[in-house]
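Structure first, then comments.
The values are calculated or read from the model by the stated rules, or taken from the named source; none is laboratory data. Just so it is clear, the model here is predicted, and its values are computed rather than measured. Here the Cβ is made from the backbone with ideal geometry for all residues, glycine too, and neighbour counts use every protein chain on show. Surface areas here come from the heavy atoms of the whole protein model, side chains and all, with no ligands, DNA or RNA. Shrake-Rupley method; radii C 1.70, N 1.55, O 1.52, S 1.80 Å.
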Amino acid sequence: MSSNLSSFIFCFCLVFLLQSACASKARHLKWELGYLDWAPDCVQSFVIGINGQYPGPTVRAKAGDTLVVEVTNKLPTEGVVIHWHGIRQLGTPWADGTAAISQCAINPEETFVYRFVVDKAGTFFYHAHYGMQRSAGLYGSLIVNVADGQKEPFDYDGELSLLLSDWWHQNIYQQMLGLSSIPFKWIGEPQSLLIQGRGQFNCSLARYSQTTWTYPWPETMCAFNNTQCTPHVLRVQPNKTYRLRIASVTSLASLNFAIGGHKMVLVEADGNYLEPTTVDKIDIYSGESYSVLIRTDQSPSTNYWVSINVRGRKPSTPPGLAILNYYPNPHTKLPAIPPPPSPAWNDTSYSISFARKILGKSSLNPRPPPVAQRRIILLNTQNKMNGYTKWSINNVSLSLPVTPYLGSIKFGLSNAFDSVVPPENFPADYDIMLPPQNPNTTTSTGIFRFELNATVDVILQNANTLTSNNSELHPWHLHGHDFWVLGYGDGKFDEKRDVKGFNLRNPPLRNTVTLFPYGWTALRFVADNPGVWPFHCHIEPHLHMGMGVIFAEGEELVGKIPLSALGCGLTRNLLIHG
């Protein structure tokens, strides 16, 4: 090889490496978390905000970037952590932001630095993962765009984003006390539904009746004397295509989302591409995110309602409303027609039909392995323990240890959590259509361990609660992984019958999936991310009551854990005494 050619190849490689290094960057953020006086639905209350802002600031990055977020806890009496929902944390399991699992809680006046790579483009968000602080408003959007030189598989002229949530007037400390009391005190339905942190309580804008709506608008229309609760406005130009990113951080409510007079094309879910599907409405559950394309091809002489309504629970909460504002209309101009009606709250057939429409874009997403090496079946039940009401999985209610799993496993602290593996199935004669014959449960800090790179099937099985003729929706979220949703079914899962119907051709790749009443949901994932990862119901009070499990794989390959993540429990003693 000539010296000139060698020099050329060396220069070419150097330029390529420099370009790659410049393509991604480190994005530094400095946050202070504290209480704020706020009126999310026009009723004065308090929230947990970031840098004086609620919801928290929208974080934007490009795939391959490193986020460096310096979080200082200014809450005077409680710890805090931030979970980066949907980010796999490849190589950085300690940055997942789960108290007692990946790290110790950040104590008051302490600072913890989250440093991790956002490995792929998509619509994500972040939220508290300690106690029930998400219910107090500690959340925000995380938008990851494609890397430089890459292109989305769909075109659009502009981009908008919405964060959906629910809101109670009873604070989270009262709620947690009621959930952990004898007699049990349920939190009840939310007082308001919020769009981008804004809702309207006890005013005619929100408290309409679809059967008695009249025009012109009544004089009792809300007088918005607080800009914190005025309806959020999405400003658009006529005859354009917009990408609308939607994420749900609700604590309880499952939602139906619609835009008056406009169709939506589903193109992305949980950071993974979908086969484009046109819909009028979207069922969206806590922990899920979507991108849809909308065409602003309606009459530009008016504005249109963006609405969310409760699904799966008897609604006592009025709809949440925002405004799609066509230029040049003033944003204060109210729409000329009512918000679109939602399906009946208990129309489960509609919800399952919608879920089955969501298919992965097989040309861009990896296909699932054809077979699994391991299958676990997780029965979701409501139970009692010493008079307290719990949620359980295979009759075991999750209890978190004092020492975070990641640190205790890394340092071989075998007595830091239960050594007994939780059950991987439930008795074959269990009748899911009836309340449990033996309502008593136990608690455990035990974990499921998987061989690294093993393909695992998880079957979520729903059942009747302690109340007769009642089974609830449960959105389940897996940390550290995406999974393929292989199918849904009614009744009890039958391995011989139902495995044959698994969708292995174009299943959606998700990180959150819904378990419908009296049914089952099948998912498959590859245990390829060394660390310790929770898999849990994303309904905040259900997780608080024990509805989750812990997965671990390849723990011996986890790199050096920052000491700031380990300053509690038995690992604290190690740091002090060596």
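The shape of the range 503-578 can be summarised by an equivalent ellipsoid whose semi-axes, obtained from the alpha carbon gyration tensor, come to 33, 19, 9 Å from longest to shortest. Highest mean first, the peptides 146-155, 307-316, 559-568 sorted by other C-beta atoms within 10 Å per residue fall in the order 307-316, 559-568, 146-155.
Stokes-Einstein D for the range 402-517 at 37 °C, 0.692 mPa s, Kirkwood Rh over Cα pairs, in µm²/s? Intermediate results must be reported in sequence, preceding the final value.
Working: Rh = 17.1 Å.
The Stokes-Einstein estimate is 192 µm²/s.
If contacts are Cα pairs under 8 angstrom and at least 6 residues apart, what is the relative contact order of the range 71-176 in percent?
Numbers: 151 pairs, mean separation 26.8, N = 106.
Taking the mean separation of contacting Cα pairs over the length of the range 71-176, I get 25 percent.
At 1.4 Å probe size, with the rest of the protein present, what percent of the exposed accessible area of the chain is carbon and sulfur atoms?
Heavy-atom surface of the chain belonging to carbon and sulfur, 1.4 Å probe: 54 percent.
The stretch between TRP186 and SER399, if pulled fully straight at 0.36 nm per residue, gains 74.7 nm over its current Cα-Cα span.
I'm a student and want to see the number: the projected area of the Cα convex hull of the range 392-462, averaged over all directions, in nm².
Values: hull surface 24.5 nm².
That works out to 6.1 nm².
In the chain, which helices (entire DSSP H runs) extend 15 Å or more along their own long axis, judged by Cα positions, while averaging at least 1.0 on the Kyte-Doolittle scale? Passing helices, by number: 3-23.
Counting DSSP beta bridges with both partners in the chain, what percentage is antiparallel, nearest 5? Working shown, then result.
Numbers: 97 of 134 bridges.
Counting only bridges with both partners in the chain, antiparallel ones make up about 70 percent.
Let's see if you can work this out: charge +1 on each Lys and Arg Cβ, -1 on each Asp and Glu Cβ, no other charges. What is the dipole magnitude of the chain about its Cα centre, in debye to the nearest 20? Can you show the working numbers first?
Values: 44 positive and 43 negative charges, 123 e Å.
The dipole magnitude comes to about 600 debye.
With 16 Å as the cut-off, how large is the P(r) tail for the range 57-122, expressed as percent of Cα-Cα pairs? In whole percent, the share of Cα-Cα pairs in the range 57-122 beyond 16 Å is 47.
Could you compute Rg(Cα) / (2.2 N^0.38 Å) for the range 428-578, with N its residue count? Walk me through the numbers before you get to the answer.
Values: Rg = 18.1 Å, N = 151, 2.2 N^0.38 = 14.8 Å.
Ratio of Cα Rg to 2.2 N^0.38 Å: 1.23.
So what is the 222 nm mean residue ellipticity for the chain from helices alone, if each DSSP H run of at least 4 adds -39500 (n - 2.57) and you divide by all residues, rounding to the nearest 500 deg cm²/dmol?
When only DSSP H runs of four or more count, the value is -3000 deg cm²/dmol.
Modelled this way, with points 7 Å down the Cα-to-C-beta line, the labels at ARG367 and LYS263 are 3.0 nm from one another. Mean sequence separation of contacting Cα pairs (under 8 Å, at least six apart), scaled by the length of the range 425-578, corresponds to a relative contact order of 28 percent.
With a ≥ b ≥ c taken as the square roots of the eigenvalues of the C-alpha gyration tensor of the range 241-306, please select rounded if a/c is under 1.5 and otherwise prolate if a/b is larger than b/c or oblate if it is not?
Note, shape of the range 241-306 comes out oblate.
For SER301 and ASN453, FRET efficiency with R0 = 45 Å and r from the beta-carbon atoms, rounded to 0.05? Walk me through the numbers before you get to the answer.
Details: r = 58 Å, r/R0 = 1.29.
The pair ASN453/SER301 has a calculated efficiency of 0.20.
Shape of the chain from the C-alpha gyration tensor: rounded (a/c under 1.5, with a ≥ b ≥ c the square roots of its eigenvalues). Averaging 1/r across all pairs of distinct Cα atoms in the range 21-96 and inverting the result yields a Kirkwood radius of 14.4 Å. Among ALA61, CYS203, TYR405, flag the residue with its Cα farthest along the positive direction of the charge dipole of the chain, charges on Cβ as +1 for Lys/Arg and -1 for Asp/Glu. Towards the positive end, the residue furthest out is ALA61.
Between the range 487-561 and the range 159-180, the C-alpha centres lie 25 angstrom from each other. Contact order for the chain, expressed relative to its length and based on alpha carbon pairs under 8 Å spaced 6+ residues apart, stands at 14 percent.
Would you kindly state how much longer the chain becomes between ILE337 and GLU159 on full extension, computed as 0.36 nm times their sequence separation minus their alpha carbon distance, in nm to one decimal?
Value of the extension gain: 61.6 nm.
For the range 262-372, taking the reciprocal of the average inverse distance between every pair of different Cα atoms yields a Kirkwood hydrodynamic radius of 16.3 Å.
Set the Förster radius R0 to 41 Å, insert the Cβ-Cβ distance between ASP490 and GLN237 as r into 1/(1 + (r/R0)^6), and round the FRET efficiency to 0.05. Walk me through the numbers before you get to the answer.
Values: r = 45 Å, r/R0 = 1.10.
Between ASP490 and GLN237 the formula returns 0.35.
Given their separation in residues at 0.36 nm each and the Cα-Cα distance between them, LYS151 and ARG356 gain 71.0 nm when the chain is fully extended. Close amide H contacts of LEU515 (hydrogens built in the peptide plane, cut-off under 5 Å, sequence separation of 5 or more or a different chain): HIS474, TRP476. For the chain, the solvent-accessible area with a 1.4 angstrom probe is 41 square angstrom per residue.
Centroid-to-centroid, using Cα positions, the range 423-453 and the range 248-320 are 34 Å apart.
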